Every structure is written in structure tokens, then in C-alpha cells.
Amino acid sequence: MSRTGREILLGVGGGIAAYKSADLIRRLQDHGYLVTVVPTPSSLNFVGTATWEALTGRPVHSQVWEKVHEVPHISLAEVSDCILIAPATADLIARIAQGRADDLLTNIVLASTAPKMIVPAMHPAMWNDAGTVANVSILRERGFLVMDPDVGRLTGGDVGAGRFPESLAIIETMNGFLSHISDLIGKEILITAGGTREPIDPVRFIGNRSSGKQGYAVAQAALSRGAKVRLISANCDLPVPQGAEIVRVETADEMNSSLNEYFAYSDVLVMCAAVADAKPTTLSNEKIKKSELTTLSFVANPDLLASISQKRRSGQIVVGFAAETSNMEVHAREKLKSKGLDIIFVNDVSGGAIFGSDETRGTMLFANAPDLDIPSTSKDTLAHELLNQVVNRLS
Ligand code: C5P
């Protein structure tokens, strides 16, 4: 059977958010998608078969015992370009994580090789329960895109993470997921982003201009290609990409500890963060009086990237960034060598350019290939270009 690129199999789980999937179907159709609904038997308590048949113009089944001669779980698995499960309950997530096949939907999930996306909706206590957390992580490791639920008011009045996202947010996430080949499934990527801050006293610090946008763009791009992403984020004020595990740090020392904790589990390290080269020799516990704030003395921070790359095992890829104001390629080639990197991206930040911008430009240098000039482009595009180079080297 041939695929059209537009066939969505919408699995509906037994949560009250099932009624919101009626709107999701309409919005999917507005975007040119053709939708077949496969509800779980328990979801029919919330929304019945007739609603789904009327909205999609297609027959709706929930059990493998209907139309057995047509082997529906295999035929639906074969024609679907994406399996979108929205809403997914804690029980449905647990059944899929276990590889169970006790209704039509879970049979199709097992039989299909199409990309699979899950939109959970449940009470925050259930979403945060260790069992659900473990099941979600199993699914992400297997390449499912699991959206984080929205935070807000839930049925019953409680407030927290568990709300079903808006239809358009679901479709946007799905479009991003489908537009990239999933060439990083099964890979773990560790990314640092932002700029470290070195405290002087309880109110002051030495910092830098890094916004974290490039690191967050790499995290988003890696997630959309199926990677498991850990993002060590230093002082960034940006939304966390769906599905990334976030580790928040402030200083270079904290970033160093996190790098040492997670590097061994990673296939790739992308070190986008601007790390302070030095920190004040002493940290005052009291706010320093204006009159005493005349000189500061510094002690050097370690080079985190240079030291972690010495601990790499064979097959791990290490990527650095460099911000320069002159002789970009010369300095970058030196850093590529001295820090033991596979790839370094260097950009010219003269006059404060690039910091905080959505655009970037520069040169990618490699340990084993000619340089690649990157003319002005978005940080998202650079992120994908960088990951293309990483994927080549991983294989
Ligand atoms: O500051 P420099 O140009 O040497 O930074 C190049 C790369 O080294 C960046 O990827 C940065 O994250 C990393 N770096 C580091 N520790 C430092 C300074 C820089 O890991 N103390």
C-alpha cells in the first residue's frame, strides 16, 4: 500500500481531553491532512464513535475483533504517515511503553514503522508520578516524540502540568517532527548553552553577553531528529525545548560538575556556552560597599571543554564554538587542536554582533575536512547544518 505523506492515524485515549481532539481533527484537515481515528475502548465513554466518523468521514474501530478479515491493524499501520496519539493517558503510555497489544490502537503502534508522536493529558500528580516519568523516558528513547503537557488549570480545579496543548501547537510540533529525518534516534546529545556568571558578592557577578539562543536551537534541532537531549543551561531566559532534560547552572564550576556527571552517557557534546575564563579570587558573603569596590582580582577557571574532551571514549563527537573579533580561522584552528575537537564553529562578534540575535554567520572547521563557510543564516539552520556534520561523523 502506498503512503501519501498526509495520512494521520489519530489515536484517542480515555481522558476528558478527548473532546478537544474533535477540534484537532478539524485543524489537521485545514492543514491538508487526512485523518483516521482509532479510539481506545475506554475513550468511547467520553466521545463516541459517531462523532469521529462524522468528523473524518471514515469508519472508526477500536478493537481487533471487528472486520477481522481485513486485518485492520496491519493495513492501518501500513498506510499511516504518522501515528499521533492525542490525548494519551498514563495507562495508554504505560501500555505502549510495555509493548502491549490489547486493543486496536496498541496493535497498530506495534505494527507501524511510521513516526509516532504522543500528546499526554492527565492530572499533574499522574504526569509527575515516577511510573509515568519512566514510561515517557522509555518512549522518548525509542524515538517517540512525547510533547510536554501545558501548565494551567485542569478539570477538577487543580493547577499544574497536565493540560492538553492547543491544536495548532500540536500540529506545529508534528510538522517539525515529520519534516526531518530521524537520524539521531537512539543517540544522546549533551548541549551547553548561555553564559556562566561568577559571583562577586550576593548581588553582583561577572557575566557575558551570550543569550543561549544557539544552544537552544541545537537542542531543538537534535530533538526533532530523534535524539535524547540534555541541556546544561547557564542563565538563559528561553523556553525549554519540548522533551529536553534541563540542567540549570550558574557558574563555570557548576557547569563543570554537570559536564562531568553526564558526558560519559553522551554520544555527542556540543559546547555552545560562553564560559567565564576567570572568577573573582574571593567571594564576599556581604554586599561590598561602594567605596570598597575599586579593584577586583581574578583566578583562572579551568577550560571545561579541553579537559572533558580528554576523557572522551572512542566514537564520542565533541563540538566547540568560538567567538572571535579578529583572525577568526587562525584562532579557531588553534582551539580545534588544543581542545581536541572534531568540529568548531567560529563567528565574528566584533561590535557585539551575533549575541542575542536569531541570525548567525561564520565558519565551521573540522579535524579532518576542509572549512565550510556559513553565510548569514538563522541559528536554527546552523544547528541542523552542524548536526548533519555530526551525523556523518557518528556513522
Ligand atoms: O573561550 P574560548 O574561545 O576558548 O571558547 C571556545 C570553546 O571552549 C567554547 O565551546 C567554550 O564553551 C569552551 N570553553 C570552556 N571553558 C572555558 C572557556 C571556553 O569550555 N573556560
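No value in this document is a laboratory result; all are computed from the given coordinates. Bear in mind that the values here come from a model prediction, so they are computed numbers and not experimental data. Backbone-built Cβ (ideal geometry, glycine too); neighbour counts: all protein chains shown.
Here are the numbers:
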item	result
Distance between the range 262-295 and the range 1-78 - C-alpha centres, whole angstrom	53 Å
The chain: angle of helix 213-224 to the longest principal axis, Cα-based, in degrees nearest 10	30 degrees
R0 of 25 Å, Cβ-Cβ distance Gln63-Leu168: FRET efficiency to nearest 0.05	0.20
Highest to lowest packing among 16-25, 106-115, 50-59, scored as the average C-beta count within 10 Å	16-25, 106-115, 50-59
Listed residue pairs exceeding 25 Å between alpha carbons, taken from Lys187/Lys213; Lys20/Lys228; Lys213/Lys287	Lys20/Lys228; Lys213/Lys287
FRET efficiency estimate (nearest 0.05) - Cβ-Cβ, Val299 to Val71, R0 51 angstrom	0.15
Degrees separating the helix 328-338 axis from the principal Cα axis of the chain, which is the longest one	80 degrees
Point-charge dipole on Cβ atoms (K/R +1, D/E -1) for the chain, about Cα centre, debye to 20	280 debye
Approximate shape of the range 301-351 as ellipsoid semi-axes (Cα gyration tensor, √5λ), whole Å, largest first	22, 11, 9
Extension gain (nm, one decimal) between Ala369 and Glu250, 0.36 nm per residue minus Cα-Cα	39.3 nm
Segment Ala22-Ala50, length gained on full extension (0.36 nm per residue, minus Cα span)	8.9 nm
Volume in Å³ per residue [convex hull over Cα atoms, computed for the chain]	172 Å³
The chain: relative contact order in percent, alpha carbon pairs under 8 Å with at least 6 residues between	11 percent
Amide H partners (placed H, <5 Å) of Ile232, local residues excluded	Ile191, Thr192, Ala193, Val247
Net length gained if the chain between Ser291 and Lys311 were fully extended (0.36 nm per residue, minus Cα distance)	2.6 nm
Proximal lysines to Lys339, defined as alpha-carbon separation beneath 19 angstrom and excluding residues fewer than eight positions away on the same chain	Lys311
Distance between modelled label sites at Ser326 and Asn260, nm, 7 Å Cα→Cβ extension	3.7 nm
Estimated [θ] at 222 nm from DSSP helical runs (n ≥ 4, -39500 (n - 2.57)) normalised by residues in the chain, nearest 500	-9500 deg cm²/dmol
FRET efficiency estimate (nearest 0.05) - Cβ-Cβ, Phe355 to Ser376, R0 22 angstrom	0.90
